[in-house]
Ligand SMILES: [Mg+2]
């Protein structure tokens, strides 16, 4: 008799998460929010909460050290967790760092990794308070957990978007994916001919987006100063389209976004074209930008209207209206989600 075998690829990343956690029920009153948002939320007494988020990065799956300098890797591993804390409208305070190392790594190499981790701790004002170190058979493994703080009523979840809310994104999108394509291309050139020097000078913006993303804590502080609490929020780690699906699913709403409102940097656009990629597809499906996607109620719009780095890309609709991108020519195209497919 053969045992039942289902390929993980059949479920996909999000399907697997749902499948494994469908029977998980929280027992403790302090578990305010469990699985299903950018971070878990834990009651910390007297109207305060802690948020907790964790990420696992594996060499050869999530990063390639042939073009990712170790200090950048350390910084990025912290930044991606801080981004999830930001996505809850919380302020990061502590991290723990766990690493698996193969014997390929020297003490100096690990020091270089930690140089980036410490730089990120300075940059985000967080303390490194623990972790674990272990041997690895397959290169470098990094798992970071970040802990943040917020007032209970300040926390922003994915499920608060309402019809007519305005969809906002920070910064520009697609750069990290385009940067990754450039780094991969130059790696292949180098492998074919080690004498060739990689040509990266004209791509510093997009490669920087891939190698050293910055979590948007600046925006979180500015929203607070401007008196704006988003109705829903998450960070853009898997691509705008995928994140819009998450917000729509959690909030039970639809969304319409406009192609001509999507923020794309000129270098991202030009490089995408050079690589024969559709720039809008890069914006919609490119991962790792670590910008914020959030919704605000219409009455908050005047407070953000003039903000140079917040872009209003569309609005929330009723769930039956679906999820659409209106192209520059005015055609409404259904948005398709496309998360990471590592499996
Ligand atoms: Mg997230």
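No lab work stands behind these numbers, since they all come straight from the coordinates. The shown structure was predicted, so the numbers you read here are calculated from the model rather than taken from an experiment. All Cβ positions, even for glycine, are placed from backbone atoms using ideal geometry, and neighbour counts span all protein chains on display.
How high is the relative contact order of the chain? Use alpha-carbon pairs under 8 Å, at least six apart in sequence, and give a whole percent.
With pairs under 8 Å counted, the relative contact order is 21 percent.
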| said: Multiplying the sequence separation of residue 332 and residue 151 by 0.36 nm and subtracting their Cα-Cα distance, what value in nm do you get? | reply: 61.2 nm
| Name the residues of the range 86-114 whose amide N is less than 11 Å from a point 7 angstrom out from the Cα of residue 129 along the C-beta direction? | 93-96
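In which sequence would 158, 209, 5 go, from the one with the fewest C-beta neighbours within 10 Å to the one with the most? Display every interim value, and only then the final one.
Working: 158 24, 209 29, 5 5.
So the residues, fewest neighbours to most, are 5, 158, 209.
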| query | Comparing 265, 201, 159, which has the greatest mean-square fluctuation in the GNM of the chain with Cα pairs linked when under 10 Å apart? | reply | 201
| note | Over its alpha-carbon atoms, the range 27-154 yields an Rg and a Dmax in Å of 15.6, 48
| field | Linear extension gain, residue 111 paired with residue 26, 0.36 nm per residue minus alpha-carbon span | value | 26.7 nm
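Shape verdict for the range 158-334, please, from the Cα gyration tensor: rounded (a/c under 1.5), prolate (a/b greater than b/c) or oblate.
Details: a/c = 2.45, a/b = 1.79, b/c = 1.37.
Here the range 158-334 falls in the prolate category.
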| task | Could you check which residue among 326, 283, 91 shows the biggest mean-square fluctuation in a GNM of the chain with a 10 Å Cα cutoff? | result | 326
| request: Would you look at the GNM of the chain, springs on alpha carbons closer than 10 Å, and say which of 120, 109, 86 moves the most? | output: 109
| field | Point-to-point label distance, residue 96-residue 138, nm (Cα→Cβ direction, 7 Å offset) | value | 2.4 nm
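For residue 16 and residue 298 in one chain, what is 0.36 nm times their gap in residues minus the Cα-Cα distance, to one decimal in nm?
97.9 nm
To the nearest 0.05, what FRET efficiency results for residue 35 and residue 162 with a Förster distance of 35 Å applied to their C-beta separation?
0.90
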| request: Please work out whether the chain counts as rounded, prolate or oblate from its C-alpha gyration tensor, where a ≥ b ≥ c are the square roots of the eigenvalues and a/c under 1.5 means rounded, while otherwise a/b larger than b/c means prolate and anything else oblate? | output: rounded
| request: Could you please rank 228, 110, placing first whichever residue has the fewest other Cβ atoms within 10 Å of its Cβ? | output: 110, 228
| query | Just for the chain, what percent of DSSP beta bridges are antiparallel, to the closest 5? | reply | 80 percent
